[in-house]
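Notes for the one structure printed next.
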Amino acid sequence: MATLYDEQGTQIYAGRGKYSRRARNMIEQRAAYMRNEDEQLVVYVPELQTPVPQRASTLEQDTQKLKRDAQRLGQQLGLGLDEIEVRRETPEAVLIAHLKQMSTAVLAGLDSDQAAKLMQTLTYWILRQNISVHDHDEFVRNMHQLINDMRVPTSGSAVLNRDGVQSREEAVNVHPGAPTSNVYNELWVHAFLPPNSHRCRPSVRQAEHDNGVQADGQIWFDPALMAGTEFVCNNLHQVSSLASFRQGRHGIIRVYLPYNPRQNFSDDNESSHWFRDRGHLQEPHFGQENEPWRNCLERFIDACANIKNTVRTDLRLIIHRGSEAPQEVIL
């Protein structure tokens, strides 16, 4: 760097090291001089330094973005290409992703909302066929086994009628249900099933004198649609006490209330007349405003709101009533 002088020729900077405060001020005021080839004093004008560009993202962020772009491109191209190379230059390195098309396949599968709607529709229909509490319990368990095999994989869709290497989307936790150490993102509450630890929870065995279903000395032939209303509050209370619920490990909670909400008595009478020759049950008359479990449901909603405000901000609560459109509760 050049040696600098003041207007009288007195040296103010020796040409090495940092500028003094006086030298910086004089440079800014164009009062600092340097000697040209003829040893004459001329005003010193510092060279403009081009600032080093700052990175808008980190190398890890660039890598993740490249991965998402490459995966998206691979899903869009079903042309049977052997391999695609995607490059991206960054200040630290050149990132390269290789895409290889393994095989062409027909894709299909159920996402979470579709699986939930299927369960709601079939449960609503089967309960009106006068099935027993035990048969309802068996039906729900078998339906979950069926739906789990129909779910979409975690990255794409399920291969239709073909053994695929994709891993399917995780299943859901079910209450009431068998205890499990697996905790999934969704928890489905079948409120009309007898709660866990309920004194009438069936332990199924074949009787010697007949082929009936027995449970602790009680025959479980009560209509599930009628008996289910007394189970709702107990189920909601048990769910709000689960450790996985309190820890916010479930992102979506679905509550199934498979009764048929009625708005007025005329609806009830018309429905009874329409089902008279079809063997359907005449359901109790109540709607959302006078549900027997209304207070229990409000307490459960408050518990979900508390989890959302303190533990998991993305928690969603969805209620499936009868055959109506699912209702997401604003927590």
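So the values come out like this:
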| read-out | value |
| --- | --- |
| Members of the range 144-170 that are in a loop (DSSP other than H, G, I, E, B) and either at pLDDT 85 or above or β-branched (Val, Ile, Thr) (or both) | VAL152, THR154, VAL165 |
| Condition broken by THR90, with the remaining ones in (1) at pLDDT below 80; (2) β-branched (Val, Ile, Thr); (3) touching a Phe, Trp or Tyr at 6+ places or on another chain (Cβ under 8 Å) satisfied | (3) |
| Qualifying positions in the range 306-331 - in a loop (DSSP other than H, G, I, E, B), touching a Gly at 6+ places or on another chain (Cβ under 8 Å) and of a type outside the set (Val, Ile, Thr) | ARG312, ASP314, LEU315 |
| Tally of residues being polar (S, T, N, Q) and under 18 Å from the mean Cα position of the chain (by Cα) across the range 311-330 | 2 |
| Residue ID - surrounded by the fewest Cβ atoms within 10 Å (Cβ to Cβ), chosen from residues in the range 108-139 that are among the acidic types (Asp, Glu) and in a helix (DSSP H, G or I) | ASP113 |
| Selection status of LEU281, at pLDDT 90 or above and out of contact with any Phe, Trp or Tyr (no Cβ under 6 Å at 6 or more places or on another chain) | no |
| The range 199-235, subset aliphatic (A, V, I, L, M) and touching a helix residue (DSSP H, G or I) at 6+ places or on another chain (Cβ under 8 Å), residue modelled with the highest pLDDT | VAL232 |
| Candidate set: the range 226-252, residues that are of a type in the set (A, V, I, L, M) and more than 22 Å from the chain's Cα centre (by Cα); chosen: the one nearest to LEU315 (Cα to Cα) | VAL232 |
| Options ASN196, ASN173; residue that is more than 16 Å from ALA224 (Cβ to Cβ) and modelled with pLDDT under 90 | ASN196 |
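Let's see how each residue does on (1) at pLDDT 75 or above; (2) of a type in the set (A, V, I, L, M); (3) closer than 30 Å to GLU92 by Cα; (4) surrounded by 12 or more Cβ atoms within 10 Å (Cβ to Cβ):
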residue	(1), (2), (3), (4)
THR10	yes, no, no, no
GLY17	yes, no, no, no
THR58	no, no, yes, no
LEU73	no, yes, yes, yes
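The values are calculated or read from the model by the stated rules, or taken from the named source; none is laboratory data. Here the structure is a predicted model, which is why all the values come from computation and not from measurement. So basically every Cβ, Gly included, is an ideal-geometry build from the backbone, and we count neighbours across all protein chains shown.
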